[in-house]
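What follows is a single structure, written as structure tokens, with notes after it.
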Amino acid sequence: MQPEKYCRRPHSRGLISITLRKMKKSVLQRARADYQPKLPKALQGSVKVKVGEATESVANQKEIKDLFPHTYGMPVVEFEADENPARVEEPFNVGIILSGGQAPGGHNVVSGIFDGLKSLNKENRLYGFLMGPAGFINHQYMELTASIIKEYRNTGGFDIIGSGRTKLEKPEQFDEGLKILKELNIKALVIIGGDDSNTNAAVLAEYYKNIGADVQVIGVPKTIDGDLKNEWIETSFGFDTACKVYSEVIGNIQRDCNSAKKYYHFIKLMGRSASHIALECALETQPNICLISEEVQAKRMTLDNIVSYICYVVSERAKLGWNFGTVLVPEGLIEFIPSMKSLISELNDVIEEHNEQLSELDEVEKLEAIHSYLTPTNAELYKSLPKNIALQLSLDRDSHGNVQVSLIETESLLSEMVAKRLEEMAAEGEYSGKFNTQHHFFGYEGRCADPTNFDADYTYALGYNAAMLINAGLTGYMSSVRNLTEPSEKWIAGGIPITMMMNMERRKGEMKPVIQKALVNLNGRPYLKFASMRETLALNTLYQYPGPIQYFGPSEICDRPSMTLLLEHGKEI
């Protein structure tokens, strides 16, 4: 089938092709296409706005207020059913950007926006900017019509328009994007992304408000890492699906582990800035060990402390004749170890300052040069690391100035150090077991899965709700749907000012306004539940095997949200 050309680049008059793969769908895909996501009762007809109290940022109130004078302090809003609806006479257009990494349910956000707009006025139109913010800046877009939307309902991925990681942070980018918004007569822009992308949305909303551009900007909370949440954003979309995908595979590995009884499986999971995924998967699968980065930081544990703990569990299990087990490792663990965090912080400065010189050196020369620039304590730690880990820590930083933790083989580092320590223990007669390892990293496997019923409903509601926020004339708001452990009809829809979630953090040597990340709460019920089980899980084999995502069957099985969300709302699991 020939590609269908839906997209043009107005300023060059060239055509950009987008291929819609209208291949024969699988049985599951056909069945999912017929699934109708559920909406909160307040969004099932016309809505009116209930305005709450004025808000302030979570921290650094003066600094954030000074940076966002036009969008700071706005109230939380909530939608209620309107018995006396007013027809939207003038049609309007909306643009959307999928920003950052993929998360299950993104297509349903788009579907929800589309349906919400059409419910207001059949003539409303939706445009998608291609491959993330870059498409917005470069004027690459496509109109999203009913026939296109139909192909993507309830599916995973962001392939309807693609995503990208270009940062929207410079006035010239905003001005270039404004040109295409005006040309297409776009009233509002919806940015679907994580904390950094929604920070950019807040900056963009403020900029357009300041220059009188008359363009609204709305954010939608997306990240499988689960670290974009608060009282009003109870969970970010995609977290539920990704954790269920990872838990299925972890359960499969544990079944194999318990069958062969000869390997320790070290499993690294997504979550560079928080351990929500690791914790949720631990609650779902009950591994022998799950490391929680926030706990490591709070207890100021060293790399040696972590290795000692794992060795203790391995040694005690060996005494029972069990030379096998599973260890869950959060992706960002290494940055939460205080001594490693200090080293990484100094490495960031060294690499930034000497990047040009270092790029010309071979591996050995690079390690020696970096070593010579470090302070004595950090230099000693850096030298003690295996060569491959030291090199991985010395790679170029990402666009936000962060170490690329997904490329650091933390699971291998830990297993290598544990093996070495066990050899020393064996030499002293303190260990007589066997220690063979397998390594896994589950990341991309969970980002584009077909969404669970929960995520399908939640994302559709977030999108539909975003359309209502636009119709209400709001800007600088994030779509909020909460009360998520109740049936979907009882969900509460509305919006919160993005500035409400912000604080000041150091990025690339400068203090910047950013959305505050939500870390695992060590006093929260999800962590305390796991902590209460930890010793039992370590010294027994009580694996759970969740199996694949269930789309059809009893609601308590198919529509169940994450264990984290249930526990946070005081529910039992």
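The values are calculated or read from the model by the stated rules, or taken from the named source; none is laboratory data. None of these values were measured; they are calculated from a predicted model. Quick reminder, even Gly has a Cβ in these numbers, built from the backbone with ideal geometry, and neighbours come from all protein chains shown. Side chains are part of the model used for accessible areas, which takes the heavy atoms of the whole protein and leaves out ligands, DNA and RNA. Shrake-Rupley method; radii C 1.70, N 1.55, O 1.52, S 1.80 Å.
Here are the numbers:
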item	result
Any chance Lys48 is surrounded by fewer than 17 Cβ atoms within 10 Å (Cβ to Cβ), outside any helix (DSSP H, G or I) and on the phi < 0 side of the Ramachandran plot	yes
Qualifying positions in the stretch 113-141 - more than 24 Å from the chain's Cα centre (by Cα) and more than 16 Å from Lys179 (Cα to Cα)	Asp115, Gly116, Leu117, Lys118, Ser119, Leu120, Asn121, Lys122, Glu123, Asn124, Arg125, Leu126
Subset tally (residues that are open to solvent by less than 60 Å² (accessible area, probe 1.4 Å) and either at pLDDT below 95 or not charged (D, E, K, R) (or both)) for the stretch 518-539	12
Looking only at the stretch 309-332, and only at residues there that are under 25 Å from the mean Cα position of the chain (by Cα) and modelled with pLDDT of 95 or more, the one that is surrounded by the fewest Cβ atoms within 10 Å (Cβ to Cβ)	Val327
Residue pairs meeting the criteria (Cβ under 9 Å; at least 6 apart or on separate chains; first open to solvent by less than 30 Å² (accessible area, probe 1.4 Å), in the stretch 439-465; second assigned to a strand (DSSP E or B) and charged (D, E, K, R))	Phe442/Lys268; Gly443/Lys268; Thr459/Lys222; Leu462/Lys222
Selection from the stretch 354-369 of residues that are in a helix (DSSP H, G or I), of a type in the set (Asp, Glu) and loosely packed, with under 11 Cβ neighbours inside 10 Å	Glu356
Count of residues meeting criterion [open to solvent by 10 Å² or more (accessible area, probe 1.4 Å) and under 22 Å from the mean Cα position of the chain (by Cα)] in the stretch 467-490	3
Residue in the stretch 417-427 that is modelled with pLDDT of 95 or more, open to solvent by less than 20 Å² (accessible area, probe 1.4 Å), in a helix (DSSP H, G or I) and in contact with a Pro (Cβ under 6 Å, 6 or more places away or on another chain) present	no
Among residues of the stretch 433-466, those that are over 17 Å from the mean Cα position of the chain (by Cα) and in a loop (DSSP other than H, G, I, E, B), counted	4
Enumerated strands (runs of 3 or more DSSP E) restricted to the stretch 86-170, each holding at least 2 residues that are hydrophobic (A, V, I, L, M, F, W, C)	93-98, 125-129
Selection within the stretch 51-67 - open to solvent by 40 Å² or more (accessible area, probe 1.4 Å), assigned to a loop (DSSP other than H, G, I, E, B) and of a type in the set (A, V, I, L, M, F, W, C)	Val58
Only listed residue being farther than 30 Å from Tyr543 by Cβ, in contact (Cβ under 8 Å) with a residue 40 or more places away in the chain and open to solvent by 20 Å² or more (accessible area, probe 1.4 Å), chosen from Lys167, Lys182	Lys167
Residues of the stretch 145-202 satisfying the condition of being of a type in the set (Ser, Thr, Tyr) and under 26 Å from the mean Cα position of the chain (by Cα)	Tyr152, Thr155, Ser163, Thr166, Ser197, Thr199
Residues of the stretch 540-560 satisfying the condition of being aromatic (Phe, Trp, Tyr) and surrounded by fewer than 19 Cβ atoms within 10 Å (Cβ to Cβ)	Tyr545, Tyr551, Phe552
Checklist (1) part of a helix (DSSP H, G or I); (2) open to solvent by 70 Å² or more (accessible area, probe 1.4 Å) applied to Glu430, failing item	(1)
The stretch 110-141 - residue that is in contact with a helix residue (DSSP H, G or I) (Cβ under 6 Å, 6 or more places away or on another chain) and over 27 Å from Glu89 (Cβ atoms) and, of those, most open to solvent (accessible area, probe 1.4 Å)	Ile137
Candidates Met563, Met501 - the one that is surrounded by 14 or more Cβ atoms within 10 Å (Cβ to Cβ), at pLDDT 95 or above, closer than 30 Å to Pro37 by Cβ and touching a strand residue (DSSP E or B) at 6+ places or on another chain (Cβ under 7 Å)	Met501
Residue check, His70 open to solvent by less than 10 Å² (accessible area, probe 1.4 Å) and of a type outside the set (A, V, I, L, M)	no
Hits in the stretch 217-274 - residues which are among the acidic types (Asp, Glu), assigned to a helix (DSSP H, G or I) and open to solvent by less than 50 Å² (accessible area, probe 1.4 Å)	Asp240
Meets criteria (in a loop (DSSP other than H, G, I, E, B) and crowded, with 21+ Cβ neighbours inside 10 Å) for Gln36	no
Index of the failed condition, Lys209 passing every other in (1) touching a Phe, Trp or Tyr at 6+ places or on another chain (Cβ under 8 Å); (2) surrounded by fewer than 24 Cβ atoms within 10 Å (Cβ to Cβ)	(1)
Those residues of the stretch 142-159 which are open to solvent by less than 30 Å² (accessible area, probe 1.4 Å) and free of Cβ contacts under 8 Å to residues at least 60 places away in the same chain, in sequence order	Leu144, Ile149, Tyr152
Members of the stretch 508-517 found to be under 19 Å from the mean Cα position of the chain (by Cα) and either open to solvent by 40 Å² or more (accessible area, probe 1.4 Å) or among the basic types (Lys, Arg) (or both), listed by number	Gln516, Lys517
